[in-house]
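Undergrad: Sending over a structure as structure tokens; questions will come in a sec.
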Amino acid sequence: MFFYYIDLAWRSFKRTPFVSMLMVLAIAVGIGITMTSLSVYYMMAMNPIPDKSDRLHVVQLNTMDEGQSQGSSDNLPQQLTYRDAMALYQQDFPENKVIHMRSGFAVHLGDSSIKPFLEATRMAGRDFFSMFNLEFQYGGAWSVEQEQNAAQVAVISQSLNEKLFGSENSLGKTFYLDDKVFQVVGVLDEWNLHTRFYDITTGAFSRTENIFIPFSLVPVLEVPSWGNTNGWKYQEINNYQDRLNAEIFWVQLWVELPNEQAKAQYGQFLQAYLSEQEALGRFERETPQYALRNVMEWLDYSNVVSDDNRVLVGLSFMFLIVCLANILGLLLGKFLKRAPEIGVRRALGARKRQVFAQHIVEVSLLGLFGGLLGIGIAQLGLWGVRATENYYSALATMDLSMLLAAPSISIIACIIAGLYPAWLVCKTAPAIYLKTQ
Amino acid sequence: MLSMKNINKVYQTEKVQTHALRDFDLEVSEGEFIAVTGPSGSGKTTFLNIAGMLESYSSGDYLLDDINVGKLSDNAKADLRNQKIGFIFQGFNLIPDLNLYENVEVPLRYRGIKSAQRKQRIMDCLEQVGLASRAKHLPQQLSGGQQQRVAIARALAGKPRFLLADEPTGNLDSLMARQVMDLLEQINRDGATIIMVTHDPELARRAPRNIQVVDGQLADFTLYQGAPDMHVSSHAAAQV
Ligand SMILES: Nc1ncnc2c1ncn2[C@@H]1O[C@H](COP(=O)(O)OP(=O)(O)OP(=O)(O)O)[C@@H](O)[C@H]1O
Ligand SMILES: [Mg+2]
């Protein structure tokens, strides 16, 4: 029967092409706009590192006086002081941890072959690559020795490798960051991270960096911060050493805690560490305060998906409802005009349920067409979002689940709009239209 | 086969109450061919619709094959219509989007008959009404008489035991009308019970049994007209 209904639906579509196209267009516009906002929302809210998000934790310490706040919901600063981050990084546990901050340099090859350009650079511990699932095209992370000796080595992205060395295997080749020579030890594979969870303070949806160099170079090169630096008390900072010792927050530390037990243990350690630091007179607090948030908790805490995004999704769904209300009206007209035909079908033995099914299939077909056209409109919308360049482009795309969601939502929406008209028409008393000509 | 006792049908519209059938009694046996005559508005179509379970009745008892129709669910009535009853409506009531083949196919679709079998039946029926060559035509491409023949083919498609025809010849010239009548007689000989409403006294006379509806009641009951060999059950006569 299903194919019979499909056939009837298609005939009905062809019989009133204008009204049918109008309905499809109304659905398509509604679905297109809904899917645009939903796709962006979905990508924003999507887990950026599903296999590890439960284990990776960002470390937050409150090393401020009681009553001080950094504006977060729990008053904790989002970043750490250099001395705290280093102190924790130098511990033996947990095994996997990464210290990092964002800086930047002028990149060139020491000759006139390419024009120098400024490039954001991540100063990072060598576990950065393994912890955050980065893959290498050539080479790998720098060695422990190189990190300890603050060697001038770098891991570069595929795109930078193309720009500097024409995509060839550039291991061992050198380039300049400002006036310092760096040797390439690794070239990354493509890295499509839609939400840059590891450093939200410099923009959750910004591009990932193209250059990674050992964090141990921070004091050596006295690198400037290209990220946020927040303080809470007045301190005179006259030189880089002052900065390293100051009570200012500009470094981040991530740790991998495999289970609840490890997390509790590490928490106890942090508590003890905080008490110890307080005893040194750095700050005064009634109770030590720290936080260990995993990736999704961290994104939530940092309001990565803002309320604006949610409102936008809500609004677009309301727009879809308006479209559906219009479709409902058109369907009512179309179906009720068909009452005589339905009377005949009922007289010839169609059950109410069969008439109902026939019409639900018909609206589903409209929904399918509308959904497919809606994908096209959504692509246009997402192209518009990408064109604004406020977002990393990976964000404004539809993945497979969103592509499948579009016709599904569309069909479900149309069925909802079609329920009432279909119910009305299936109630048609068979006799009424048969009496008169 | 069909037994109606004290059937009343009242149409209640905003201001008027129409008593379309009052205390209507009728017994019909298997294999009968009955012609129903009566003035316009007397309740003939209403009777036919109730007999075909297209309409409910206000009071009374109606048994079809000893089944109390008043107690049947909507689904059961739809299934019975589909399996036992063939309709030829007063208007042709063909579905305009469907070609002749597909129009005749409708009752078979709802019966769930396989495609190959359907095709056989449909072509047989169209053959019977002489329109097989036009199977792919749409109803509006046909004359009124041809459309009526398609409607007959559709009524025959399900091989109904009970054929209800509302002025099947109303729109046809007399030659055509006689051909349709021949066809109905053929169907009746093949075993179907037929109730036919007609305005044409000549055609009515060809039916073995005539009944007349006046003002919602059986007015006159003429037995054995035209076909004295026709069997009529004794309890049908007792209804007079
Ligand atoms: N759905 C309805 N609502 C209200 N009144 C109705 C309805 N159907 C029929 N009637 C009335 O019931 C009476 C009988 O109608 P019916 O159609 O049975 O007459 P008929 O004998 O078939 O007439 P005709 O020969 O003109 O076809 C008429 O007075 C008609 O107006
Ligand atoms: Mg009538």
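Undergrad: When you look at the Cβ of every residue in B:86-98, what mean number of other chain Cβ atoms sits within 10 Å? Before the final figure, lay out the partial values.
TA: Working: counts 1, 6, 0, 7, 4, 7, 2, 9, 2, 9, 3, 7, 4.
Neighbouring Cβ atoms belonging to other protein chains average 5 per residue here.
Undergrad: Rank these residues by their accessible area, most exposed first, probe 1.4 Å: A:Leu280, A:Leu38.
TA: Final ranking, largest accessible area leading: A:Leu280, A:Leu38.
Undergrad: All other residues with a Cβ under 12 Å from the Cβ of A:His194 taken together, and with Lys, Arg as +1 and Asp, Glu as -1, what is their net charge?
TA: Once all neighbours under 12 Å are counted, the net charge is +1.
Undergrad: Using R₀ = 25 Å, calculate the FRET efficiency as 1/(1 + (r/R₀)^6) where r is the Cβ-Cβ separation of A:Gln90 and A:Glu260; round to 0.05.
TA: 0.50
Undergrad: Something else about it: At most 12 other C-beta atoms within 10 Å and a DSSP loop state: those are the exposed GluC sites (Glu not before Pro) I care about. Give me the longest piece of chain A that has none.
TA: A:287-388
Undergrad: Indicate, rounded to the nearest 5 percent, the antiparallel portion of the DSSP beta bridges found entirely in the stretch A:63-256.
TA: If we restrict to bridges inside the stretch A:63-256, about 75 percent are antiparallel.
Undergrad: Can you give me the convex hull volume of the Cα atoms of the protein assembly as shown, divided per residue and expressed in Å³?
TA: Numbers: hull volume 160.6 nm³, N = 677.
In the protein assembly as shown, the Cα hull volume divided by residue count equals 237 Å³.
Undergrad: Right, here's the next one. Using Cα atoms only, what is the angle between the long axis of helix A:307-336 and the major principal axis of chain A, expressed in degrees (0 to 90) to the nearest 10?
TA: Here the helix axis deviates by roughly 10 degrees.
Undergrad: In addition: Considering only DSSP states other than H, G, I, E and B, which chymotrypsin sites (Phe, Trp or Tyr not before Pro) in the stretch A:350-386 qualify as loop sites with at most 12 other Cβ atoms within 10 Å? Don't skip to the answer; put the middle values down first.
TA: Numbers: sites: A:Phe356, A:Phe369, A:Trp383; in loops: none.
Counting only loop positions with at most 12 other Cβ atoms within 10 Å, none of the chymotrypsin sites (Phe, Trp or Tyr not before Pro) in the stretch A:350-386 qualifies.
Undergrad: Just to verify a number: FRET efficiency for B:Arg189 and B:Ser40, C-beta to C-beta distance, R0 = 22 Å, to 0.05?
TA: Values: r = 31 Å, r/R0 = 1.40.
Computed FRET efficiency for B:Arg189 and B:Ser40 comes out at 0.10.
Undergrad: Just how much of B:Arg161 is accessible, in Å², when a 1.4 Å probe is used and the result is rounded to the nearest 10?
TA: 80
Undergrad: Let me ask something additional. So which chymotrypsin sites (Phe, Trp or Tyr not before Pro) in the stretch A:194-246 pass both tests, a DSSP loop state and at most 12 other Cβ atoms within 10 Å of the Cβ?
TA: Working: sites: A:Phe197, A:Tyr198, A:Phe205, A:Phe212, A:Phe215, A:Trp226, A:Trp232, A:Tyr234, A:Tyr240; in loops: A:Phe205, A:Phe215, A:Trp226, A:Trp232, A:Tyr234.
Qualifying residues, ordered by number: A:Tyr234.
Undergrad: Could you tell me what fraction of 2.2 N^0.38 Å the Cα radius of gyration of chain B comes to, as a two-decimal ratio?
TA: Details: Rg = 17.6 Å, N = 240, 2.2 N^0.38 = 17.7 Å.
With N residues counted in chain B, Rg over 2.2 N^0.38 Å equals 1.00.
Undergrad: May I pose another question? Hey, what angle do you get for helix A:400-426 against the long axis of chain A, alpha-carbon based, 0 to 90 degrees rounded to 10?
TA: With both axes taken from Cα atoms, the answer is about 30 degrees.
Undergrad: With a cap of 15 neighbouring Cβ atoms within 10 Å, and only residues DSSP puts in a loop, list the chymotrypsin sites (Phe, Trp or Tyr not before Pro) found in the stretch B:1-89.
TA: Details: sites: B:Tyr11, B:Phe24, B:Phe33, B:Phe47, B:Tyr57, B:Tyr62, B:Phe87, B:Phe89; in loops: B:Tyr57, B:Phe89.
Within the stretch B:1-89, no chymotrypsin sites (Phe, Trp or Tyr not before Pro) qualify (loop, at most 15 other Cβ atoms within 10 Å).
Undergrad: In the Gaussian network model of chain B, springs joining C-alpha atoms below 10 Å, which of B:Ser29, B:Ser115, B:Ser56 carries the largest mean-square fluctuation?
TA: The residue with the greatest mean-square fluctuation here is B:Ser115.
Undergrad: Another question, then. If I take all pairs of Cα atoms in the stretch A:55-161, what percentage of them are more than 23 Å from each other?
TA: Counting pairs separated by more than 23 Å, the tail of P(r) holds 44 percent.
Undergrad: In addition: Taking the Cα centroid of the stretch A:47-72 and of the stretch A:119-143, what is the distance between the two, rounded to the nearest whole Å?
TA: Each part's Cα centre sits 22 Å from the other's.
Undergrad: Whole percent per 5 Å bin, from 0 to the bin with the longest distance: what is P(r) over all C-alpha pairs of the stretch A:63-256?
TA: 1, 7, 15, 20, 20, 17, 10, 6, 3, 1, 0, 0
Undergrad: The stretch B:34-99: Rg/Rh from Cα coordinates, Kirkwood Rh?
TA: Using only Cα positions, Rg/Rh for the stretch B:34-99 is 1.00.
Undergrad: Moving on. Give the carbon-plus-sulfur fraction of the accessible surface of the stretch A:63-256 in %, rounded to a whole number; probe 1.4 Å, heavy atoms of protein chains only.
TA: Numbers: 3410 of 8120 Å².
Exposed carbon and sulfur together represent 42 percent of the surface.
Undergrad: Helix A:352-387 versus the longest principal axis of chain A: what is the Cα-based angle in degrees, 0 to 90, to the nearest 10?
TA: For helix A:352-387, the angle is close to 30 degrees.
Undergrad: Still on this structure: With equal scatterers on the alpha carbons only and no solvent term, can you work out the Debye log10 of I(q)/I(0) for the stretch A:279-437 at 0.14 1/Å?
TA: With no solvent term, the Cα-only Debye profile gives -0.85.
The values are calculated or read from the model by the stated rules, or taken from the named source; none is laboratory data. Just so we're clear, the structure is a prediction, and the values are computed from it rather than from any experiment. Glycine also receives a Cβ, built like all others from the backbone with ideal geometry; neighbour counts cover every protein chain displayed. Only protein heavy atoms, including side chains, enter the accessible area calculation; ligands, DNA and RNA are left aside. Shrake-Rupley method; radii C 1.70, N 1.55, O 1.52, S 1.80 Å.
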